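This report refers to the structure that appears directly beneath it.
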Amino acid sequence: MGAAVGIATHVAGLDWQAIGEELDMNGYAIVPGMLTADECAAMAAQYEQGQLFRGRIVMAQHGFGSGEYQYFRYPLPSTVAALRQALYGPLAAIANRWHGLLGMDTRFPAEHAQFLARCHAAGQQRPTPLLLRYRPGDYNCLHQDLYGEHVFPLQAAVLLSQPGADFEGGEFVLTEQRPRQQSRVEVVPLTRGDMVIFPVAERPVQGARGVYRAGMRHGVSRLRSGLRHTLGVIFHDAT
């Protein structure tokens with residue numbers, strides 16, 4: 001309960017208008033200090049607690065990159081559940097605005113439980129929040145976290161390790177593909193505890209002739225040294 005209340009209060013106090021404007025302008029928004037150093041350490045340590053997870057993915061076995069990650073099982077750890085619940089509401093308002101701009105009919109309910117019910121009714125019942133671990137030489141290829149028919153268009157990641165102290169390299173990277181243009185690359189500067197909010201697959205962009213759809217992918221550059229942990233918060237469940 002303590003984690004849930006603290007995170008809910010923190011999220012409610014964020015400047016969501018500014019976050020929405022950053023997402024519109026740059027394709028991502030950074031929330032500094034979403035988790036404390038102690039919370040980051042505790043979350044990273046959970047990687048070794050196998051009973052918390054429903055599956056482990058070794059990236060090289062699937063052509064995803066190098067490194068590994070684990071998907072949490074239900075019930076989610078309190079901090080993960082609190083983040084997913086608290087972030088969903090304000091992000092749903094942004095998602096609905098984006099879908100309106102793109103002429104898409106799908107709208108998202110105000111409560112995350114309602115959206116999960118929609119996922120579960122369609123057979124998407126496996127939780128998607130995950131912990132990722134990178135060691136020297138590891139990287140994550142550019143990708144999109146889709147998982148099924150029902151996709152919430154925004155997701156979040158929290159860096160649990162400190163650049164320059166715990167690891168070198170391993171930058172979070174976004175690419176944006178605009179129609180009839182070359183891809184735009186963005187390296188997102190994060191420190192331990194920072195959260196980045198970004199599109200799962202696409203976002204609206206204002207152009208000279210109106211709003212158009214830009215495709216988005218994300219990944220992590222090669223880790224040169226150390227150990228890097230990240231928490232990923234995805235709001236739709238998987239088939």
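The values are calculated or read from the model by the stated rules, or taken from the named source; none is laboratory data. Just so it is clear, the model here is predicted, and its values are computed rather than measured. No Cβ is skipped: glycine too gets one built from the backbone with ideal geometry, and neighbour counts run over all protein chains shown. Accessible surface is based on the protein model in full, side chains and every heavy atom, while ligands, DNA and RNA are left aside. Shrake-Rupley method; radii C 1.70, N 1.55, O 1.52, S 1.80 Å.
Limited to segment 126-164, what total is found for residues that are in contact (Cβ under 8 Å) with a residue 12 or more places away in the chain and in a loop (DSSP other than H, G, I, E, B)?
Qualifying residue count, segment 126-164: 20.
Specify the residue that is farthest from residue 55 (Cα to Cα); the eligible residues are those in segment 94-148 that are open to solvent by less than 30 Å² (accessible area, probe 1.4 Å) and of a type in the set (S, T, N, Q).
140
Could we say that residue 50 is open to solvent by less than 70 Å² (accessible area, probe 1.4 Å), at pLDDT 95 or above, out of contact with any strand residue (DSSP E or B) (no Cβ under 9 Å at 6 or more places or on another chain) and more than 25 Å from residue 216 (Cα to Cα) here?
no
Could you please let me know if residue 123 is outside any helix (DSSP H, G or I) and under 23 Å from residue 204 (Cα atoms)?
The answer is no for residue 123.
For residues that are of a type in the set (Ser, Thr, Tyr) and farther than 30 Å from residue 102 by Cα, scanning just segment 150-209, find the one that is surrounded by the fewest Cβ atoms within 10 Å (Cβ to Cβ).
Step by step, filter segment 150-209, then rank; the result is 191.
Those residues that are farther than 19 Å from residue 144 by Cβ, of a type outside the set (A, V, I, L, M, F, W, C) and modelled with pLDDT of 95 or more, I need them from segment 178-225; list them, please.
189, 191, 192, 193, 194, 222, 224, 225
Residue 22 fails exactly one of the following numbered conditions: (1) over 18 Å from residue 153 (Cα atoms); (2) open to solvent by 70 Å² or more (accessible area, probe 1.4 Å); (3) assigned to a helix (DSSP H, G or I). What is the number of that condition?
Failing condition for residue 22: (1).
Among the residues in segment 26-44, are any surrounded by fewer than 12 Cβ atoms within 10 Å (Cβ to Cβ), at pLDDT 95 or above and of a type in the set (Gly, Ala, Ser)?
No, segment 26-44 contains no residue that is surrounded by fewer than 12 Cβ atoms within 10 Å (Cβ to Cβ), at pLDDT 95 or above and of a type in the set (Gly, Ala, Ser).
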